[in-house]
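Written out below as structure tokens is the structure these notes cover.
Every read-out reported here was derived from the displayed coordinates using simple, explicitly stated rules and does not represent laboratory data. Everything quoted here is computed from the prediction, not taken from an experiment. When we count neighbours, we look across all protein chains shown, and the Cβ atoms used for this are built from the backbone with ideal geometry, even at glycine.
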Amino acid sequence: MAAPRAYWKGTLKLSLVSCPVALYPASTSVEKTRFHMINRDTGNRLKQQMVDAETGDVVEGDQKGRGYELRKGEYVEIDKDELDAVQIESNHTIDIDSFVPAGEIDKRYLDRPYYIRPDGKAGVDAFAVIRDAMKDQDRVALARIVLTNREHVVAIEPLGKGLLGTTLRYPYEVRDESDYFDDIKSPKISKDMIELAGHILDTKAGHFDPSEFKDKYETALKALVRRKATGKPVKVAEREEKRDNVVSLMDALKQSLKGRSNARRSRSTARRQTSHRRAKRAHRSGASSRKAG
């Protein structure tokens, strides 16, 4: 397998300590099923054209420009040279400004993750020093980096032998929660209900394991494409009507807890039966060996 191509190369800098590094996107959408628009009569792929919203005329490449909408239907045009003049030129340096406790970073600000690793052998020692110092103090570095002509704040933290850099959103990109939560009522909830809900939480306790995440829609899409490509018929399943049973909150909590307990007992019984069958097979196998001897 060919080594992945670096998205960005430059220098990680902490005061007078620096080392060459490379950034690689830590997420990908390559495996997702994507569709193209096609002509159903010819099977050919369709091509999009830009048209004038008012006249409906097709606009050619040399007529296209950028405009910022000042008010409805009124735009100020921005030339490419003017746009280039305000873009930040990358100096290919990740400048660390500060180190903050990991728990202080608001998850709403997390944007895109990148893997950061040494670029060549020259700065491996410096890289390891920066990484291990952060690991020892459980700190996250806040740094600045220029990607695609925009300056981003990036949170850098140790991850295995390397570093994980996550670009952060700016405050103007994060909506204020009070706009959505302020009018939520604060009803009086009985202590019994809270305790019942707590018991349900206990029955569903687990650990974060992404390998258990199953994208059912993506699986269904791939199966659909395979069937269509091989000429097999596709049966469209009828959707079940949703039941609208109104039950009290307390009854719902009790039924949920009862359902979880029954499911847990069923799993426990199944495990015992499986263990019993394995033990019987092992016993028969041992007996056969003794006979043969």
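Cross-link pairs exceeding 21 Å in C-alpha to C-alpha distance, out of LYS204/LYS258; LYS32/LYS222; LYS32/LYS235; LYS214/LYS235, comprise LYS32/LYS235; LYS214/LYS235.
Quick check: residue separation of GLN137 and MET193 times 0.36 nm, minus the Cα distance between them. What number comes out in nm?
Answer, rounded to one decimal: 16.1 nm.
Taking every alpha-carbon pair under 8 Å whose residues sit at least 6 apart, region 59-211 reaches a relative contact order of 21 percent. Here the gap between LYS32 and LYS161, fully extended at 0.36 nm per residue and compared with their Cα-Cα distance, gives a gain of 43.6 nm.
Shown is the FRET efficiency for ASP95 and LEU249, computed with R0 = 45 Å from the Cβ-Cβ distance and rounded to the nearest 0.05: 0.25. Test of understanding: extend the Cα→C-beta vector of ARG226 to 7 Å, then name every residue of region 1-41 with backbone N under 18 Å from that spot. Only 31-34 pass the distance filter.
Each Lys or Arg adds one and each Asp or Glu subtracts one; over the other residues with Cβ under 11 Å from the Cβ of ILE96, this totals +1.
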